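Reading through the structure tokens given below for one structure.
All of the numbers you see were taken from the coordinates with simple rules; none came from a lab. The structure displayed is predicted, hence computed values, not measured ones. Cβ: placed from backbone, ideal geometry, glycine included. Neighbour counts: every protein chain shown.
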């Protein structure tokens, strides 16, 4: 079972370079998310999408762009990488919003380790 | 604003010890509450959840009760195993929100 797949898993960038992280899910989920995880700060939401063709800003969107051209894919772009963007990035998806009485589960990918030097 | 506070780690316990990880939250309305677990080198996965006051979520020997009067959702396990070593995240999602808010995580190490 593939679930949520992220590529690449590891990447080292030089300051100013650009790159794209790809997230793919095979569960037909409407909602997709990009988080970054930093020591002592937990997970912070960068951007999210509530369906194909939609995107919205999360807590820490600056320096990132996203696109959701296909329902199953959610791309995270860094146009000009900075050392402050060194982090572990997690993509996640859910069928419905996690709030409400059903408390829908969010499914996470295994993470992408990005180092900017 | 909405937020989640967890006890700071790391927490180190001996095998078969009792575990409590405290979690308190601030939110308007009636959020759903979650515990997610992250094993080394992996993404987060749902451990348990509760969607209304006094609900008890349970899974794999872990339990947590939604206490609205104390705005808490403490995680407990009666007898931990080495395989429970992981980072545990408390989280909430408001009724009308699309997003989950995570706490900072608590690292647990269980030694034989």
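Per-residue mean of foreign Cβ neighbours for A:32-43 is 4 (Cβ atoms of other chains, 10 Å radius). In percent, rounded to a whole number, the relative contact order of chain A is 34, using alpha-carbon pairs under 8 Å and six or more apart. Here the contact order of the stretch B:24-112, divided by its residue count and restricted to Cα pairs under 8 Å and six or more residues apart, works out to 29 percent. Placing R0 at 30 angstrom, the Cβ-Cβ distance between residue B:109 and residue A:88 gives a FRET efficiency of 0.95 after rounding to 0.05.
Inter-label distance, residue B:5 to residue A:95: 3.6 nm, where each label sits 7 Å from its Cα along the C-beta direction. Of the peptides A:84-93, B:41-50, the ranking by mean beta-carbon count within 10 Å, highest at the top, reads A:84-93, B:41-50.
Calculate the FRET efficiency for residue B:70 and residue A:56 from the Cβ-Cβ distance with a Förster distance of 45 Å, rounded to the nearest 0.05. Here the calculated transfer efficiency is 0.85.
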